[in-house]
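**Student:** I have a structure here, written as structure tokens, and I will follow up with some questions on it.
The values are calculated or read from the model by the stated rules, or taken from the named source; none is laboratory data. Everything numeric in this text was worked out from a predicted model, so none of it was measured. Quick reminder, even Gly has a Cβ in these numbers, built from the backbone with ideal geometry, and neighbours come from all protein chains shown.
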Amino acid sequence: MESVVAGVVIAVIKILVILGIVLGVGAYLTWVERKVAAHIQRRPGPMVVGWHGLLQPIADGLKLITKEDLFPRYGNKFLYNLAIVLALVPATLVFAVVPFGPEFELFGYRIKPILTDVNVALLLVFGLGSLAVYAIAIAGWASNSKYPLIGSMRKAGIIISYEVAITFAVMGPLILAGTLSTYEIVQRQIEQNLWYIWVQPIAFVVFLFSLLAETGRVPFDIQEAEAELVTGFTVEYGGMKFGLFPLVEWYVEVLSLSAIAVVLFFGGWSPINIPFMGFVDPLFFLGPFSPYVWFLLKVTVLFLFILWLHWTLPRYRIDQITEIAWKVMLPLALINIVLTAIIAPVVWR
Amino acid sequence: MVRLIVFLMFSAWAIISGVGVITFTNPIYVILWLLSALIAVAGIFFTAGAELVGALQLLIYAVAIAVFYVFVLTAVPWEKAVKKGSHYRMEGVLSLPLVILLYVEMAIVFFLGITASPEGKLRAFIERLGNTEVVGSILFTKYFFAFEVVSLVLLIGMIGAVLIGRKESQTYEDDTR
């Protein structure tokens, strides 16, 4: 009985920590994004509210919350609000299977810094990730307006195409690790002295394309396409309800998929890897905190890379996007699976 | 004990969602109830310890299949979606005997299946290998032939879909490039 209580308490603490980090960081990433975008375009970005605009997200949040709540006359109010919940919940649930660091012992309890170490974690990631389609499709339909509907149909098409590509892309690392659990995948990479990026570069490229497409980042932000659709499926949303969609899509989903990419390709919390030789840890002086710092560092670098792409590239057309998915990414991922399936047993068994 | 409570929660959720599917008239609500029922069934699989089946239920049924219903329904205009006259009440009553027959068949298959299933034989296997590995090894040994036949059927379906799609694209003038 005592172990059940302890398990529940530990789980609740983990949930609170993860939610706090994800939503808090998510809100502040708006500031990071605006700063990075500004400096890429050689302007200072937000400078007025607080030191270098540090209080800008709070000001924006206050403004969004206090705005009048407008609603389209012939829309469906229930579905209109439900879409927001459907967008937020699956995106945050993905963090349940993200391992933040190695197992440690505290007050006699062994704790893994991962909410649920299930054996099918990766399948859950993709299942939950593609549940986002419902939020967007329903948001578009409930708004009873043409731009949102077009935007949501585009997004649904993109997600369906790229969900296939991303699922096949992760097969390569899965074959190498021989497990679906995210925690175990990192452990295997540490045991094998190998970040899977060194042997799975094709899978990583396909994963990155799918990440950008599923989160609606440039060059795949065709569902928002300010120039043609205003902002796509969020046209009829106002105030904080409008703010939540980009928050979920651009920050929470990008963060979760970046974390999964780090787990799959960059060895999770392990330090810098020299292929087949070992690990070099320039941050050894941090002691037990070094794995967490490494994990955060890798996710941050990947996030900044995605921002860099976002504010540099132009946008694809919708037919080009689906063509890339089915004619380039899917065959590449399949070739990668076949090659890995042939080579991996030779090397490791 | 905890598992029983969770199971009861998920099954109540699934039954309520099932009732919702057949009582609501707005097709979008029906799809949402169906989605809710599918997620509840995935939850039941998880409580039963069949993690792989639960995750596949979520991935294939709740996302891949139900999305296409949403895809079609979002193209339905508002006024038609809430119209009530389109329900076939008479046909519903007429099809009731067939529905009951199907349910009886399902029950018979279920009870026959219980007596025929290898009771406890797989448990040691699952504990040693884990869920995913067991399903994989059974698929590629005992049910290999059926597995391959199913994949052939899917391949034929895919070729058919490509053919239909190509025919349609030829009727438009291609001036996009």
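**Student:** May I ask you to list the residues in segment A:137-191 that are hydroxyl-bearing (Ser, Thr, Tyr), surrounded by fewer than 24 Cβ atoms within 10 Å (Cβ to Cβ) and farther than 30 Å from A:Glu103 by Cβ?
**Tutor:** Scanning segment A:137-191 gives A:Ser145, A:Tyr147, A:Ser161.
**Student:** Quick check on this structure: which one of A:Ser143, A:Ser152 is within 14 Å of chain B (Cβ to nearest Cβ) and touching a helix residue (DSSP H, G or I) at 6+ places or on another chain (Cβ under 6 Å)?
**Tutor:** A:Ser152
**Student:** Could you tell me how many of the residues in segment B:31-70 are of a type in the set (A, V, I, L, M), under 22 Å from A:Lys155 (Cα atoms) and within 9 Å of chain A (Cβ to nearest Cβ)?
**Tutor:** 12
**Student:** Identify, by number, the condition in (1) under 24 Å from A:Glu224 (Cα atoms); (2) surrounded by fewer than 20 Cβ atoms within 10 Å (Cβ to Cβ) that A:Val254 doesn't meet.
**Tutor:** For A:Val254, the exception is condition (2).
**Student:** Would you be able to tell me the number of residues in segment A:267-292 that are within 18 Å of A:Lys112 (Cβ to Cβ) and of a type outside the set (S, T, N, Q)?
**Tutor:** The qualifying residues number 7.
For every residue, the table says whether it meets (1) in contact with a Pro (Cβ under 7 Å, 6 or more places away or on another chain); (2) basic (Lys, Arg); (3) surrounded by 18 or more Cβ atoms within 10 Å (Cβ to Cβ); (4) modelled with pLDDT of 90 or more.
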position: B:Met1; (1), (2), (3), (4): no, no, no, no
position: B:Leu4; (1), (2), (3), (4): no, no, no, no
position: B:Ala12; (1), (2), (3), (4): no, no, no, yes
position: B:Ile15; (1), (2), (3), (4): no, no, no, yes
position: B:Gly18; (1), (2), (3), (4): no, no, no, yes
position: B:Thr23; (1), (2), (3), (4): no, no, no, no
position: B:Leu34; (1), (2), (3), (4): no, no, yes, no
position: B:Ile39; (1), (2), (3), (4): no, no, yes, no
position: B:Thr47; (1), (2), (3), (4): no, no, yes, no
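**Student:** Mind listing whichever residues of segment A:227-238 are over 24 Å from the mean Cα position of the chain (by Cα) and touching a residue at least 40 places away in the same chain (Cβ under 8 Å)?
**Tutor:** Scanning segment A:227-238 gives A:Leu229, A:Val230, A:Glu236, A:Gly238.
**Student:** Within segment A:94-105, is even one residue within 11 Å of chain B (Cβ to nearest Cβ) and in contact (Cβ under 8 Å) with a residue 40 or more places away in the chain?
**Tutor:** For segment A:94-105, residues within 11 Å of chain B (Cβ to nearest Cβ) and in contact (Cβ under 8 Å) with a residue 40 or more places away in the chain: present.
This table checks each residue for (1) modelled with pLDDT of 75 or more; (2) assigned by TED's automatic domain parsing to the domain that holds B:Phe7.
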residue	(1), (2)
B:Tyr61	yes, yes
B:Ala66	yes, yes
B:Thr74	no, yes
B:Ser86	no, yes
B:Val93	yes, yes
B:Phe125	no, no
B:Asn131	no, no
B:Ser137	yes, no
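**Student:** I'd like to know if segment A:77-85 contains one or more residues that are within 14 Å of another protein chain (Cβ to nearest Cβ), crowded, with 20+ Cβ neighbours inside 10 Å and under 27 Å from B:Val53 (Cβ atoms).
**Tutor:** no
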